[in-house]
Amino acid sequence: MNRTVERRDFLKYAAVAAGTAVLGSSARGEEQAKGARLLKALQSNMLPKDLLDAQKLALARKCGFEGIELNRPLEDLTAAKELGAQARQAGVPIHSVVNGWGGPLSDPKPENVAKGLADMELSLRCAKAAGADAVLLVPAVVNDEVGYAEAWERSQKNIRKLLPLAKELQVTIAVENVWNKFLLSPLEFARYVDEFNDPWLRAYIDVGNMILFGFAQDWIRTVGKRIVRIHLKDFKRQGFQWTNLLDGDVNWPQVRKALDEIGYRGYLTPELSGGDEAYLTDLSKRVDKIIAMKA
């Protein structure tokens, strides 16, 4: 099947994107009145590794965070359930799980796809056990062996196999924009999500991953209501380097404004290197500054 975005397709998705960003006049007014409701979270691997789980969770809360994202699924679902209970008791519930890249669902080799499906099933069940309602999935990888159209079709076909389980567990599959040479524009991202036509497949936006070739606020406005989770990173185009939040080229006031416009209500999770209490406290304050911004 030809997946090339022809002019009529572009206009169609541009209209959808414009509708999402601008909304009808009455709906827009309602969403602006509500605005965004933003919660600060932290990835589990950013906490000091020499602490016990209970100490890590207590530290996250002490530093001002309100949720935890597991950077990998736990194979022991009983342990995941116990950790989830600990996290809720500490005031930092586990909100999502990151699935690995071990078996891309766009891979031409059946054994690699089978691994990817098994990994995602584990991630979904781990999320359910831990009390989370989302799993981050890198949907596809384009490379010398896998073309763009192949990655699109093959990944959608395989993700559809997971949607019945996602519905059963009430856990959303959230596909993220990463440096995988796939979904390179917000219009494409919106189209990719829309083609599933399923409430259990949504978007996970990383505001740093498009800065080399785009603008985070544009992606947020275009992908709009499809967004269920957001990662925070910053990037400096000159020198081609990742930075701490507020130190790069992300236009944070515009990002904050865009979040209000789409009425985003959920977690903002930095995806950075970890550190000690002083580092995490500073990071928490940086997120506070972003939340408090006005464009």
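Kirkwood's formula applied to the C-alpha pairs of the chain gives a hydrodynamic radius of 19.6 angstrom.
The residue list 189, 251, 74 was ranked by how far each Cα lies along the charge dipole of the chain toward its positive end, using unit charges on Cβ atoms, and 251 comes out on top.
In percent, rounded to a whole number, the relative contact order of the stretch 34-292 is 21, using alpha-carbon pairs under 8 Å and six or more apart.
Ordered by the count of other Cβ atoms within 10 Å of each Cβ, fewest first, 185, 96 give 185, 96. Computed from point charges on the beta carbon alone (+1 for Lys and Arg, -1 for Asp and Glu), the dipole magnitude for the stretch 34-292 about its Cα centre is near 760 Debye. Along the stretch 101-118 the Karplus relation, 6.51 cos²θ - 1.76 cosθ + 1.60 evaluated at θ = phi - 60°, assigns HN-Hα couplings of 9, x, x, x, 6, 9, 5, x, 8, x, 5, 6, 5, 4, 5, x, 5, 5 Hz to successive residues, with x for each Gly and Pro.
For residue 181, the aspartates and glutamates whose Cα falls under 18 Å of its own Cα, not counting residues fewer than eight places away in the same chain, are 107, 144, 145, 150, 153, 206.
With the cut-off at 1.5 for a/c, could you classify the stretch 186-282 from its C-alpha gyration tensor as rounded, prolate or oblate? Prolate, since a/c reaches 1.5 and a/b exceeds b/c.
Specify whether the C-alpha gyration tensor of the stretch 103-229 places it in the rounded, prolate or oblate class, a ≥ b ≥ c being the square roots of the eigenvalues: rounded for a/c under 1.5, otherwise prolate if a/b is larger than b/c and oblate if not.
The shape class here is oblate.
Taking other C-beta atoms within 10 Å as the exposure proxy, 137, 122 rank 122, 137 from fewest upward.
Of all DSSP bridge pairs formed entirely within the stretch 34-292, close to 10 percent run antiparallel.
Which value at 222 nm does the chain reach when only helices count, each DSSP H run of 4 or more adding -39,500 (n - 2.57), with the total divided by all residues and rounded to the nearest 500 deg cm²/dmol?
Rounded to the nearest 500, it is -15000 deg cm²/dmol.
By other beta-carbon atoms within 10 Å, ranking 126, 63 with the fewest at the front produces 63, 126. Taking the Cα centre of the stretch 155-295 as origin and assigning +1 to Lys and Arg Cβ atoms and -1 to Asp and Glu Cβ atoms, the resulting dipole is close to 380 debye.
Here, each number is a calculation from the coordinates, and none is a lab measurement. Since this is a predicted model, take the numbers as computed values, not measurements. Don't worry about glycine lacking a Cβ; one is built from the backbone with ideal geometry, like all the others, and counts go over all protein chains shown.
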